[in-house]
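Contents: one structure, followed by commentary.
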Amino acid sequence: MSLSNADDIALSEISATGPQPPLPKAGLVGRSPGQQAWARLRRDRVATVSGAVLILFVVVALAAPLIQRLYGVGPQQQFQDALDGLGMPLGYAGGITGGHWFGLEPGLGRDIFIRMVYGLRTSLVIAVAAAVITTLIGVAAGVLAGYLGGWVGAVIGWVTDFALAMPFLVVALALVPTVTLRFYGPRQAEPAVFRAGLLIVVFAVFGWTGAARLVRGQIVSLREREFVEAARASGVGLGHMLFRQLLPNTWAPILVSFSLAVPSYVTGEAVLSFLGIGIVDPTPDFGAMIYRSIDYLQTDPTYVFFPGVTIFLLVLAFNLFGDSLRDALDPKSSR
Amino acid sequence: MVPPVSAPERSRSQPYLMVRDLTVRFDTEDGVVRAVNGVSFSVDRGRTLCIVGESGSGKSVTGLAVLGLHNPRRTRLGGQILVGGRDVAGLDEEQIRVLRGRSMAMIFQDPLSALHPYYTVGRQVMEAYRVHHPSAGRKQARAQAVAMLGRVGIPRPEQRIDRYPHEFSGGMRQRVMIAMALVNNPDLLIADEPTTALDVTVQAQILDLLAELQAEFNTAIVLVTHDLGVVSQVAHDVLVMYGGRTVEQGSVEQVLRHPRHPYTWGLLASVPSLHGDPDAELVPVAGSPPSMIDLPAGCAFHPRCGYADATGGRSTTEIPELLPAGAPGHVVACHLSEAERERLYRRDVARTEVPG
Amino acid sequence: MTPRQRRPEPDPDDSGAATPDGDSKATGDSQTTGDSRPAPLLAVEGLTRHFVARRGPRTHSIVRAVDGIDFDVRPGETLGLVGESGCGKTTTGRMLVRLLEPTSGRISFDGQDITHLRGRALRPLRRQLQIIFQDPYSSLNPRHTVGEIVAIPLRVNGVRPPGGITRRVRDLLEIVGLNPEHYNRYPHEFSGGQRQRVGIARALALRPKLIVADEPVSALDVSIQAQVVNLLRQLQRDLGLAFLFIAHDLAVVRHFSHRVAVMYLGRIVEIGARDDIYRNPQHPYTRALLSAVPDVARIGAPPARIRLTGDVSSSLEAESGCRFRGRCWKAQDLCATREPALAHRDGGAQLTACHFPESGPPR
């Protein structure tokens, strides 16, 4: 005899009549479940703050060239004259001045702030692209496996299990240098776009399984609902069934999983770059920056501080926003 | 089943359960849900009160509130709930837990979700027993559980006790729930739609079982239901709820035979029967049940009431008081005058009623 | 009610337990007994659906959800299909609208064999044969407006009604008693009864001849139940619709059906005109069902109630003989060895599958 049971009864009794059965004057166009979720999201303090932080990050990443022009410093520009003989930046706290807001890199003397702006760009492009691709693959695989079932479902299930069984880091460590070597000679410098693309492919190969399993579960439970049978009884085709009937009901979990996938790819990309198989040095990137800064942890802590804090904030904001999104889309309250 | 006793006999001693002016409110993001607004009733030991109403009438919430099974963070409770003379409305979770099971127990509509799927039914019945008999050993608890399962009509209880809930049929699960509720011999049993999910033949078995157990243990039963057929079979007293308020209350004879509220008339007329002319149209109550967030002003039933116009506008502005009507013990909340209702009842309702 | 003495079974039974022969004779019988009704719109013969239930990795058992049933539905009439949960009534309904594939048997609609129609060939049938579901909450897609829900059958079948789809959708909403202005609203904004009306409008969209109504009112409040039953009756009068009305509530079935079939564990045990079934139920199970319905008109527990023990699942999955015998108070040796065929018994107007039928009004 659990309390939740009693709660459910009470709630179902309240909601049994629906929020507004007499259909009052509120206009003749009803509020869709999506609009309700949006309204709930806007009332959520955490969602607004984390959402605002995210928007700020995205705007900064998009406007990087503009910021460069206003800031007056480029990402590859070196300020050797602001370093001392050992290559450490002059002045306090890693060389923070009015001209170099977050200070300078020890050694090469590049401006940390503008490199972070561009690093954000690299990071977000890779993470969002990887999240979009994995979600698309996952949704396609999950919908097919869930609705068709049978041998299609079984095959997709095996492939999913296979992908899950592969150790991500080991495969990435083995794969990335090999593939790079296959396309570019050992002495050839490969373009940054190739490296980024390769990372996205690696993430896509491993990352689609989560979304696939999620969507498959959703579709399997939706398939039992009577509206699906009603649609079949009306004679709808497979396309209509998948895209008009089933998928619109899975947007909520898909959106949530997407918004939680992005930060995991941000950290994933940073990890790979840190290990030297992601983005490599001349291209600005968080992982690469943190990797370089480790050498100066004692002598110049500000070098690791700014990229570290920024990536932390970015991931935190994404995760908080994803959680709020989940609450807002909670099917129980939007039934 | 004991034939209904006339109302005055009840007031000899203090009833076991007395609820006075109960109000229950929930805060939700759509607004405050006024689930129960000033409901009062009492039940003696050995008697059954049926709370009747549609979905959204507040009937289930009333039952849950008596047991303190509402979520305290979201719920605001008012009024008095006297169980055996003790007010349980203000008790905290820990104090109520002691009473729950021992003095009062509950049966839910869906036994599958109320039973834990990973434990055998025996273990769950034994646990319910040992909570209130901490000194009882395993052996004694098991014997008690076997006896109780046998008592509620589960065949071969000594074998079935080690089975899991999913291995039982719906009717058998409901029996397990009843065994769990009654293993501590509570004085008050609250049953929330206990037979709604069951087939008619099984429903008949469960209702018979409840009546037998009531006769044996002298339990006070509050049965929450929407099925007037069930009410007519088991109730001694009936409370009709609408929009969180009592609209009519009295003995089963009074409410079902001489209903005095237009809503009760509507409910009775809309029930399809096995007797009478099958080709006659059923007489539904127009409209839909109200939203508990946005109750109609005045009498909550007025938008669906065929006689609301005859009250000179009072039905839309004033909430009708619960006043005595007809025989003693029979109360009705309606703006229409007694004589007027009598006239309307004879004109519109009485002739469609089926002779008993 | 004394048990009738054993007497030699009449001819139709001699072919043994429920062979297709015996069945078809029984059905033929019903059609010849002074019956001037029009040709059936829907005719079902020997319809069977078995499910394989896995018990373990290797072991499985076959659940005979529907096991050889015959009935027909004439244009404009309602056949009530009554039974407790697990009797196969819902499976039957799903097979008729071809949401489930029958294991064997034959379904013909308007003279055409539709048992195994697939894909494109099924389309014309979908337009004539529609279904209303039980659960007003899960039967409407929460992401679609009410207008879309009603319009989808029209769109996917390429129907272009005069005046446009929107016009037709509004008409349909009006027919089922909803405000046509609400076609832009979402299901969650409606109450249970209103949602069920939307489901009815969707079923009506293609102007079907027959609607399978699968427990359409059992999830609704009593007061709303009566509204929906009245609506269905009115639609039948106005549009000449035929219904297969699946329900467990005998009182509701009585108010909406012309004929009634009672199912038990995958078989029809009694079928006939409504008044014959309700006034003179012959099968012990029908009598028990009728006597278990709590009646508002009677206060207190009925003294002469037939008390069945156990429930549907506690009956043996009968290998032979009558499936009801485990719960039947009249069961004898014959019941265990030979399955009674559906036939006229003791001069009753209905068909009853019982060796020892009862007679007289129910208790």
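Key figures for this structure:
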read-out: Within the range B:128-141, tally of residues that are under 31 Å from the mean Cα position of the chain (by Cα) and either part of a helix (DSSP H, G or I) or within 14 Å of chain A (Cβ to nearest Cβ) (or both); value: 6
read-out: Test: residue in the range B:156-177 that is among the β-branched types (Val, Ile, Thr), in contact with an Asp or Glu (Cβ under 8 Å, 6 or more places away or on another chain) and modelled with pLDDT of 85 or more; value: no
read-out: Criterion violated by A:VAL220 - all others in (1) away from chain C (no Cβ under 13 Å); (2) closer than 30 Å to A:ILE55 by Cα; (3) surrounded by fewer than 19 Cβ atoms within 10 Å (Cβ to Cβ) satisfied; value: (2)
read-out: Top-ranked residue of the range C:214-250 - restricted to ones that are in contact (Cβ under 8 Å) with a residue 24 or more places away in the chain, among the hydrophobic types (A, V, I, L, M, F, W, C) and touching a Ser or Thr at 6+ places or on another chain (Cβ under 6 Å), ranked as nearest to the other protein chains (Cβ to nearest Cβ); value: C:PHE245
read-out: Residue satisfying condition, being among the acidic types (Asp, Glu) and surrounded by fewer than 16 Cβ atoms within 10 Å (Cβ to Cβ), within set A:ASP323, A:ASP281, A:ASP285; value: A:ASP281
read-out: Cross-chain or 6+ apart pairs with Cβ under 6 Å, the range C:134-148 first and free of Cβ contacts under 8 Å to residues at least 12 places away in the same chain and facing chain A (nearest Cβ under 7 Å), then part of a loop (DSSP other than H, G, I, E, B) and crowded, with 19+ Cβ neighbours inside 10 Å; value: C:SER138/A:ARG225
read-out: Pair list, Cβ under 6 Å, 6 or more apart: the range B:280-308 residue within 14 Å of B:ARG245 (Cβ to Cβ) and within 11 Å of chain C (Cβ to nearest Cβ), other residue buried (at least 18 other Cβ atoms within 10 Å of the Cβ) and of a type in the set (S, T, N, Q); value: B:PRO289/A:THR17
read-out: Residue list for the range C:128-160, restricted to those being over 23 Å from C:ASP221 (Cβ atoms) and hydroxyl-bearing (Ser, Thr, Tyr); value: C:THR145
read-out: The range A:223-261, residues that are more than 11 Å from chain C (Cβ to nearest Cβ) and farther than 25 Å from A:ALA204 by Cβ; value: A:ARG223
read-out: Answer residue from the range C:155-186, given it is touching a residue at least 40 places away in the same chain (Cβ under 8 Å) and surrounded by fewer than 21 Cβ atoms within 10 Å (Cβ to Cβ) and is nearest to the other protein chains (Cβ to nearest Cβ) among those; value: C:ASN157
read-out: Members of the range C:94-132 found to be in contact with a strand residue (DSSP E or B) (Cβ under 6 Å, 6 or more places away or on another chain), farther than 15 Å from C:ASP72 by Cβ and within 11 Å of another protein chain (Cβ to nearest Cβ), listed by number; value: C:VAL97, C:GLN130, C:ILE131, C:ILE132
read-out: Condition check for B:VAL125: more than 30 Å from B:VAL43 (Cβ to Cβ), more than 10 Å from chain A (Cβ to nearest Cβ) and buried (at least 19 other Cβ atoms within 10 Å of the Cβ); value: no
read-out: Test: residue in the range B:77-96 that is under 27 Å from B:CYS299 (Cβ atoms), in contact with a Phe, Trp or Tyr (Cβ under 8 Å, 6 or more places away or on another chain), of a type in the set (Val, Ile, Thr) and at pLDDT 85 or above; value: no
read-out: Close pairs from the range B:39-63: first more than 14 Å from chain A (Cβ to nearest Cβ) and of a type in the set (Phe, Trp, Tyr), partner outside any strand (DSSP E or B) and crowded, with 24+ Cβ neighbours inside 10 Å, Cβ under 9 Å, at least 6 apart; value: B:PHE41/B:THR62
read-out: Single unsatisfied condition, B:GLY153 versus (1) of a type in the set (Gly, Ala, Ser); (2) within 24 Å of B:TYR119 (Cα to Cα); (3) in a helix (DSSP H, G or I); value: (3)
read-out: Search result, residues across the range B:95-111 that are part of a helix (DSSP H, G or I) and either loosely packed, with under 15 Cβ neighbours inside 10 Å or touching a helix residue (DSSP H, G or I) at 6+ places or on another chain (Cβ under 6 Å) (or both); value: B:GLN95, B:ARG97, B:VAL98, B:GLY101, B:ARG102, B:PRO111
read-out: Extreme residue, modelled with the highest pLDDT, among residues of the range C:297-323 that are more than 11 Å from chain B (Cβ to nearest Cβ) and touching a Cys at 6+ places or on another chain (Cβ under 8 Å); value: C:CYS322
read-out: Condition check for A:ALA154: closer than 26 Å to A:LEU255 by Cα and without any contact (Cβ under 8 Å) to a residue 24 or more places away in the chain; value: yes
read-out: Residue under evaluation A:ALA196, criteria (1) within 14 Å of chain C (Cβ to nearest Cβ); (2) over 23 Å from A:GLY322 (Cβ atoms); (3) of a type in the set (Gly, Ala, Ser); (4) assigned to a helix (DSSP H, G or I), criterion not met; value: (1)
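Quick grid of which residues meet (1) buried (at least 19 other Cβ atoms within 10 Å of the Cβ); (2) among the β-branched types (Val, Ile, Thr):
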position: A:GLY138; (1), (2): yes, no
position: A:LEU144; (1), (2): yes, no
position: A:VAL159; (1), (2): no, yes
position: A:ALA174; (1), (2): no, no
position: A:VAL179; (1), (2): no, yes
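The values are calculated or read from the model by the stated rules, or taken from the named source; none is laboratory data. Note that this is a predicted model, so its numbers are computed, not measured. Backbone-built Cβ (ideal geometry, glycine too); neighbour counts: all protein chains shown.
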